[in-house]
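The values are calculated or read from the model by the stated rules, or taken from the named source; none is laboratory data. Note that this is a predicted model, so its numbers are computed, not measured. Neighbour counts are summed over all protein chains in view; Cβ atoms, including those assigned to glycine, are modelled from backbone coordinates with ideal geometry. Ligands, DNA and RNA are stripped out before the accessible areas are found, and what is left, the full protein with its side chains, is counted by its heavy atoms. Shrake-Rupley method; radii C 1.70, N 1.55, O 1.52, S 1.80 Å.
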Amino acid sequence: MEFTTKVNITKSSWTIHPCERMLFVGSCFAENIGKRFHEEKFNTDINPYGVMYNPASILHTVERFCEESENKPDKAFLTLGTNHVYILNETGEIVDNCMKKSQKLFTEKVLSTDECYNYLRKAVMRLMSKNRDIRIIVTVSPIRYRKYGYHESQLSKATLLLAADRLSKEEHVDYFPAYEIVNDELRDYRFYKEDMLHPSDQAVEYIWERFAEIYFGDDTNKFLNEWKPIKEALNHKPFNPEGDEYKRFIAEAKNKYDLLVKKWGINK
């Protein structure tokens, strides 16, 4: 007997390798997943210019990152939060952050599916100009936007889902169903934080596990299995940090970590 409607996800034709350089751009959900990769010693750049919620702002970050950064990501993770944007009346440009200025200075606009797709496709093309072999994963954040009203939030997500689906037909782009996993598999408020809007740490961990099933190959799983006991040892909170036993314990853990660095080429 099954008690959930599990989302079927096809195994990816390509894999994410250990310690690869990864760029995460988008909503706070991108930060949650990016942090998880960082903890597992991937070489991560996570929202280098702040959290970005809409496709236009995601494009702005990608353009700026490609201009200013010498890093060439192997994989990029784009998470869409909303299709609502704010235009500065003085310039007619979409802003990424209203900087707590008066609402009167801005006009709110709702992007169409075509507009969302076009911004995202430009971001993909810019990333590919930086690294022709890059692989890009696009997701829609499961976080609802209460300030728009729940019906309008659903309409916004629907627009993003349509744009993401269209984008996933492009070369080097995959769609990962984080939105569907939370809303179909984890259809229970116990998987949300106290605000009842953001996924809980347990939900993020479950999404990480589903993601690993699809994108991690044998080499990555081997590395993570070797890193796990070392990570747990380094994060251990001793009763007596000045005791000789703990000092020997942590010295051994650091020695194992140094060996892991040499073996896998980890960025300390």
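Taking into account only those residues within segment 66-80 that are closer than 25 Å to residue 159 by Cβ and in contact with a Lys or Arg (Cβ under 9 Å, 6 or more places away or on another chain), which is surrounded by the fewest Cβ atoms within 10 Å (Cβ to Cβ)? Quick ask: steps written out before the conclusion?
Step one: filter segment 66-80 for residues closer than 25 Å to residue 159 by Cβ, giving 76-80.
Keeping just the survivors that are in contact with a Lys or Arg (Cβ under 9 Å, 6 or more places away or on another chain) gives 76, 80.
Working: 76: 26, 80: 30.
So, considering only residues that are closer than 25 Å to residue 159 by Cβ and in contact with a Lys or Arg (Cβ under 9 Å, 6 or more places away or on another chain), the one surrounded by the fewest Cβ atoms within 10 Å (Cβ to Cβ) is 76.
Of all residues in segment 1-56, count the ones that are in contact (Cβ under 8 Å) with a residue 12 or more places away in the chain, part of a helix (DSSP H, G or I) and within 10 Å of the chain's Cα centre (by Cα).
The qualifying residues number 9.
Any idea how many residues of segment 219-268 are within 28 Å of the chain's Cα centre (by Cα) and in a loop (DSSP other than H, G, I, E, B)?
6
Considering each of 211, 191 in turn, give the residue that is open to solvent by less than 10 Å² (accessible area, probe 1.4 Å) and among the aromatic types (Phe, Trp, Tyr).
Exactly one of 211, 191 is open to solvent by less than 10 Å² (accessible area, probe 1.4 Å) and among the aromatic types (Phe, Trp, Tyr), namely 211.
For segment 155-170, what are the residues that are in a helix (DSSP H, G or I) and more than 13 Å from residue 80 (Cα to Cα)?
Listed by number, the residues that qualify are 155, 166.
Answer with yes or no whether residue 85 is open to solvent by 10 Å² or more (accessible area, probe 1.4 Å) and hydrophobic (A, V, I, L, M, F, W, C).
No; evaluated as a whole, the condition is false for this residue.
Restricting to segment 75-103, give me the number of residues that are without any contact (Cβ under 8 Å) to a residue 12 or more places away in the chain and among the charged types (D, E, K, R).
Summing the residues that are without any contact (Cβ under 8 Å) to a residue 12 or more places away in the chain and among the charged types (D, E, K, R) in segment 75-103 gives 3.
Could you go through segment 74-86 and let me know if any residue there is more than 17 Å from residue 119 (Cβ to Cβ) and out of contact with any helix residue (DSSP H, G or I) (no Cβ under 7 Å at 6 or more places or on another chain).
Scanning segment 74-86 turns up at least one residue that is more than 17 Å from residue 119 (Cβ to Cβ) and out of contact with any helix residue (DSSP H, G or I) (no Cβ under 7 Å at 6 or more places or on another chain).
Scan segment 173-185 for residues that are without any contact (Cβ under 8 Å) to a residue 60 or more places away in the chain and either over 16 Å from residue 120 (Cα atoms) or open to solvent by 60 Å² or more (accessible area, probe 1.4 Å) (or both) and jot them down. Spell out the reasoning first.
Our first condition is that a residue be without any contact (Cβ under 8 Å) to a residue 60 or more places away in the chain; within segment 173-185, this holds for 173, 175, 179, 182-183.
Selection gives 175, 179, 182, 183.
Under the condition of being assigned to a loop (DSSP other than H, G, I, E, B), touching a residue at least 24 places away in the same chain (Cβ under 8 Å) and more than 30 Å from residue 128 (Cα to Cα), which residue from segment 187-218 is farthest from the chain's Cα centre (by Cα)?
Restricting to residues being assigned to a loop (DSSP other than H, G, I, E, B), touching a residue at least 24 places away in the same chain (Cβ under 8 Å) and more than 30 Å from residue 128 (Cα to Cα), the top hit is 187.
For segment 158-172: of the residues being surrounded by fewer than 22 Cβ atoms within 10 Å (Cβ to Cβ) and touching a strand residue (DSSP E or B) at 6+ places or on another chain (Cβ under 8 Å), which is farthest from residue 126 (Cα to Cα)?
Residues of segment 158-172 that are surrounded by fewer than 22 Cβ atoms within 10 Å (Cβ to Cβ), as a first pass: 158, 161-162, 165-166, 168-172.
Okay, now just the ones that are also touching a strand residue (DSSP E or B) at 6+ places or on another chain (Cβ under 8 Å), so 161, 165, 168, 172.
Details: 161: 22, 165: 19, 168: 16, 172: 13 Å.
Checked segment 158-172; the qualifying residue farthest from residue 126 (Cα to Cα) is 161.
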